[in-house]
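Trainee: Sharing a structure with you now.
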Amino acid sequence: MKIAIDFDGTIYDTEKEMRVAGEIYDIEKVHGKGMVDRNQMWAENRYNWTDEENSNFIKSFVELTKKSNVMPGAKEVIEKIQKMGAEIILVTARGYEPNEDNAGMIEIAKEKLEADNFHFSKYYFKMLNKSQICLDENVDFIIDDSPDVCQETINNNIKTIFLRDSEVNDVKEPNEYLYEVGNWGEIYRIIYDYIHK
């Protein structure tokens, strides 16, 4: 069995850190006038900041990443899945974003994974087309928190565990390839049942 796992918002709570920082930045630097849609995942869709304001905010991402924590249950469940014989690969878009310190973003990710004792068989950074990697790697599942990525992988008939963020209102239609969950315990149940079927 092979499982692809995303980094931000799936293993680490980076997205929540970014949303907190985005609110503070909007209030203190943009005078609280930027919010347009709180249900959006990405800052550029949540706020109507200028290109300069958005660029200034993105520059803080490396430091915010350092503050992010392991998602509750992620470490324990990943270890249990690996002990059951699953091969885990990391597939993340981290490192592609314009106006970011992409080398720094990747380096911090590697440092965090090492410090938290995560070990995967392969690491794919800068992956905008996660479906293609999943197809090339012949994964059994992908675990991701991005509604867009999950829709793409479902469309490509890849079993997808959508780790839904409670702050983002994007519910998917039921589908034979979709497993929508709210935490790593539910992920464990899906993988456990799949392995032991």
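The values are calculated or read from the model by the stated rules, or taken from the named source; none is laboratory data. This structure is a prediction, so every number in the text was calculated from the model and none was measured. Methodologically, a virtual Cβ is constructed for each residue, glycine included, from the backbone with ideal geometry; neighbour enumeration extends over all protein chains shown. These accessible areas exclude ligands, DNA and RNA; they are computed on the full protein's heavy atoms, side chains included. Shrake-Rupley method; radii C 1.70, N 1.55, O 1.52, S 1.80 Å.
Trainee: Looking only at the range 60-97, which residues have a backbone nitrogen under 19 Å from a spot 7 Å from the Cα of residue 122 in the C-beta direction?
Mentor: In the range 60-97, the label zone of residue 122 (backbone N under 19 Å from the point 7 Å along Cα→Cβ) covers 82, 85-96.
Trainee: Report, for the chain, the % of DSSP beta bridges that are antiparallel, rounded to 5.
Mentor: Bridges in the chain are about 10 percent antiparallel.
Trainee: Within the range 115-149, whose backbone N sits under 17 Å from a point 7 Å along Cα→Cβ of residue 181?
Mentor: 139-147
Trainee: Hey, another quick one. Determine Rg/Rh for the range 49-197; Rg is computed over alpha-carbon atoms and Rh is the Kirkwood hydrodynamic estimate from the same atoms.
Mentor: Radius of gyration relative to Kirkwood radius: 0.97.
Trainee: Leaving ligands and nucleic acids out of the surface, order 50, 153 by accessible area at 1.4 Å, largest first.
Mentor: Largest to smallest exposure gives the sequence 50, 153.
Trainee: When only C-alpha pairs under 8 Å and at least 6 residues apart count, what is the relative contact order of the chain, in percent?
Mentor: Reported relative contact order: 25 percent.
Trainee: Full extension from residue 157 to residue 97: what is 0.36 nm times the residue separation minus their Cα-Cα distance, to one decimal in nm?
Mentor: Length gained between residue 157 and residue 97: 18.9 nm.
Trainee: Moving to a separate point now. Ranked highest first by the average count of other Cβ atoms within 10 Å around their residues, in what order do 110-121, 175-186 fall?
Mentor: Ranking, from highest mean packing down: 175-186, 110-121.
Trainee: Please identify, among 131, 60, 68, the residue showing maximal mean-square fluctuation in a Gaussian network model of the chain using a 10 angstrom Cα cutoff.
Mentor: Evaluated over the chain, the most mobile residue of the options is 60.
Trainee: Quick one: in the range 1-122, what % of C-alpha pairs are over 18 Å apart?
Mentor: Counting pairs separated by more than 18 Å, the tail of P(r) holds 55 percent.
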